[in-house]
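To start, the structure itself, in structure tokens.
The values are calculated or read from the model by the stated rules, or taken from the named source; none is laboratory data. Computed from a prediction, not measured in an experiment: that's the story for all the values here. Using ideal geometry, Cβ is built from the backbone for each residue, glycine included, and neighbour counts are taken over all protein chains shown. We work out accessible area using only protein heavy atoms, side chains counted, and drop any ligands, DNA or RNA first. Shrake-Rupley method; radii C 1.70, N 1.55, O 1.52, S 1.80 Å.
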Amino acid sequence: MEVILLSYNLPELKSEEELLRHSFFTFLVDGISRACSHQLVRHRPASYSQQSQRYVAMRDFPYVIPESLKGVKVKIEDKELTFKELMETIGKFYQKAVEEGVPKEDARFVLPNACTTRIVFTMNGEELVHFLRLRTCSRAQWEIREMAVKILKKLREKCPNLFNKVGPNCYYLGYCTEGEKTCGEPEKVREFFRKL
Ligand SMILES: Cc1cc2nc3c(=O)[nH]c(=O)nc-3n(C[C@H](O)[C@H](O)[C@H](O)COP(=O)(O)OP(=O)(O)OC[C@H]3O[C@@H](n4cnc5c(N)ncnc54)[C@H](O)[C@@H]3O)c2cc1C
């Protein structure tokens, strides 16, 4: 996964609240799974441009393998399949379907959530703080969390005054808001975000 801060603008405003509201940040994220981009685009006060699967050839499509699936073999009927073999089979199916005249926009229906994508998005500072509070938390899924941490690092490099205090709620607010779903390790998490 690659995260690039393409551009940002910070108007000359004194109050932090106004500055967050009127500043804009544009990121390019490449190499995340479609599962992850689907979670990202749920955040509404933002603009998105995503690589299309309608026209891009996907025979050897790149994909993300979660750690938990590495080395896993699943027996289906008489055949044992690894994740990699399953992806290759899907790629072959996709390719043959396209060669037989199925439009790419339909052939892509066989592509998995693991398939990687490239997305550009713009958010104002206020929404980024909201997004980061939710998605840097241990409750967020590992991939979007990894992405959110990279985004936060870039923001801290450029605007430390605005983003050094941002992280999951246990760090940002000083207490956990996740109730029974808490990771139970707020001190460890705070330490991570203090040192980031
Ligand atoms: C740990 C975690 C687990 C999740 N699990 C699921 C799940 O199982 N199923 C699922 O469907 N989703 C799930 N989500 C996604 C979640 O439901 C939201 O879609 C996502 O967090 C984005 O919405 P948001 O309220 O955070 O705000 P954003 O869309 O980021 O908007 C920010 C804020 O702007 C305001 N706002 C935005 N749009 C409007 C509007 N139209 N009207 C009024 N106010 C608005 C609200 O105050 C909102 O909180 C999960 C999210 C997290 C972080």
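Miscellaneous remarks
- For the residue pairs LYS165/LYS188; LYS158/LYS195; LYS73/LYS104; LYS14/LYS195; LYS150/LYS188, alpha carbon separations beyond 23 Å are given by LYS73/LYS104; LYS14/LYS195.
- Taken over region 1-73, the ratio of Cα radius of gyration to 2.2 N^0.38 Å equals 1.54.
- The helix-based estimate of mean residue ellipticity at 222 nm for the chain, built from -39,500 (n - 2.57) per DSSP H run of four or more residues and divided by its residue count, is -11500 deg cm²/dmol to the nearest 500.
- GLU185, GLU77, reordered so the largest accessible area comes first (probe 1.4 Å): GLU77, GLU185
- Radius of gyration, Dmax [the chain; alpha carbons; angstrom]: 19.9, 68
- Here's the picture: a label point sits 7 Å out from the Cα of GLN50 along the beta-carbon direction, and within region 70-114 the residues with their amide nitrogen under 15 Å of it are 108-114.
- Inter-label distance for ASN161 and ARG194, nm, one decimal - labels placed 7 Å from Cα along Cα-to-Cβ: 2.4
- Accessible surface of SER68 - all protein chains present, 1.4 Å probe, nearest 10 Å²: 100
- Karplus-derived 3J(HN,Hα) values for region 152-163, using 6.51 cos²θ - 1.76 cosθ + 1.60 with θ = phi - 60°, are 4, 4, 4, 5, 5, 4, 8, 9, x, 4, 8, 10 Hz; glycine and proline are entered as x.
- Of all accessible heavy-atom area on the chain, the percent that carbon and sulfur account for (1.4 Å): 50
- Inter-probe distance in nm under a simple model that places probes 7 Å from Cα toward Cβ, at LYS79 and THR26: 4.5
- Placing LYS104, LYS96 in order of accessible area, with the largest value first and a 1.4 Å probe, yields LYS96, LYS104.
- Taking amide H positions as modeled 1.01 Å from N, with prolines and chain starts lacking one, no residue 5 or more places away or on another chain lies under 5 Å from LEU111.
- Inter-part distance where region 63-80 and region 5-33 are each reduced to a Cα centre, Å: 40
- Compared with the rule-of-thumb size 2.2 N^0.38 Å for a compact globular protein, region 67-110 has a Cα radius of gyration ratio of 1.40.
- Taking all protein chains into account, the per residue accessible area for region 67-110 stands at 81 Å² (1.4 Å probe).
- Per-residue ³J(HN,Hα) for region 10-23, Karplus 6.51 cos²θ - 1.76 cosθ + 1.60, θ = phi - 60°, Hz, x for Gly and Pro: 10, x, 7, 10, 7, 6, 4, 4, 5, 4, 5, 5, 9, 8
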